[in-house]
1. Within the set of pairs 6 or more residues apart or between chains, which connect a residue that is touching a residue at least 60 places away in the same chain (Cβ under 8 Å) inside region 135-157 to a residue that is surrounded by 12 or more Cβ atoms within 10 Å (Cβ to Cβ) and assigned to a loop (DSSP other than H, G, I, E, B) with Cβ atoms less than 9 Å apart?
2. Which is over 27 Å from residue 108 (Cα atoms) and at pLDDT 90 or above, of 48, 76, 65?
3. Are any residues in region 62-82 within 14 Å of residue 99 (Cα to Cα) and within 14 Å of the chain's Cα centre (by Cα), and if so, which ones?
4. Take the residues of region 119-134 that are open to solvent by less than 100 Å² (accessible area, probe 1.4 Å) and under 21 Å from the mean Cα position of the chain (by Cα): which is farthest from residue 55 (Cα to Cα)?
5. Looking at the structure I just gave you, is residue 108 surrounded by fewer than 12 Cβ atoms within 10 Å (Cβ to Cβ) and either at pLDDT below 90 or of a type in the set (A, V, I, L, M, F, W, C) (or both)?
6. Within region 46-94, count every residue that is in contact with a Lys or Arg (Cβ under 9 Å, 6 or more places away or on another chain) and open to solvent by less than 50 Å² (accessible area, probe 1.4 Å).
7. So which of 166, 192 is surrounded by 11 or more Cβ atoms within 10 Å (Cβ to Cβ) and closer than 27 Å to residue 99 by Cα?
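The values are calculated or read from the model by the stated rules, or taken from the named source; none is laboratory data. For clarity, every value in this text was computed on a predicted model and none was experimentally measured. Every residue, glycine among them, receives a Cβ derived from its backbone with ideal geometry; neighbour counts consider all protein chains shown. Please note that ligands, DNA and RNA were not included when accessible areas were found on the heavy atoms of the full protein model with its side chains. Shrake-Rupley method; radii C 1.70, N 1.55, O 1.52, S 1.80 Å.
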Amino acid sequence: SFAKFKFNDVNLDFSPIPIGLVKSEMFPFIKDAFYLSYTLYKILSKTSPNLVLVSDDTALEGKASVLFGRQKGIKSLCIQHAALADHPAIVPISSDKFAIYGEETYKLLRKYGTPDKYLVITGSPKYDNVLDPPTNEQKSKLYNQLDLDPNSKYFVFCTQPIPQSEKNFRAIFEATKHFQDHWLIVKLHPGEPTDGLFYRNIAKEYNFDRFR
């Protein structure tokens, strides 16, 4: 037997997916992926944009948007949103063009077989100010915002919402506790809750008060 579902105005027939797979732990993810893809298809069908703009065309949301748009003759552009890992999972590129940070990203994508014609080096405006050292006024403002002593020393940990997050963070604490004159500053990933409770609770476990 096979599974069938009703979703909005469409009957979704998941044949020939056996009912055994439907009852497995993976099927909710398959079903959610189908629903999301269908929603994106409906959005593109109703809006008919001039361009499909995504920040990641290897993940489901971006790839589905790009491919559905291509079916309708809509061009696509992917704008690099973060540093890419040296891993085959960063390809294949689906968009018509990929706006990338620079030469290192270009070399990485070419290494994994991305054709040159898809890649355009544009840089990233959010990193332009990295070239200019912060002014004393900017430093003072940041110290005040975070209630930090400008004469102290700091480690900065930039988080990533991945399964290894807790293991990595605990390892950071284990290392930091050997530097009694350092504070630990956590810079949250934009995809994580802004309250930082996950990291604050671990800090409490370690009775670690040199933490922001």
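1. As it stands, the answer is 146/212; 147/212; 148/212, since those pairs meet every condition given.
2. Unique residue meeting the criteria: 48.
3. 78, 79, 80, 81, 82
4. Here the residue is 128.
5. Judged against the criteria, residue 108 is not a match.
6. Residues that pass the stated criteria total 8.
7. On the way: 166 fails: closer than 27 Å to residue 99 by Cα.
Of the residues listed, the single one that is surrounded by 11 or more Cβ atoms within 10 Å (Cβ to Cβ) and closer than 27 Å to residue 99 by Cα is 192.
Each row is one residue, and each column tells you yes or no for (1) in contact with a His (Cβ under 8 Å, 6 or more places away or on another chain); (2) assigned to a helix (DSSP H, G or I); (3) modelled with pLDDT under 85.
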site	(1), (2), (3)
11	no, no, yes
34	no, yes, yes
40	no, yes, no
58	no, no, no
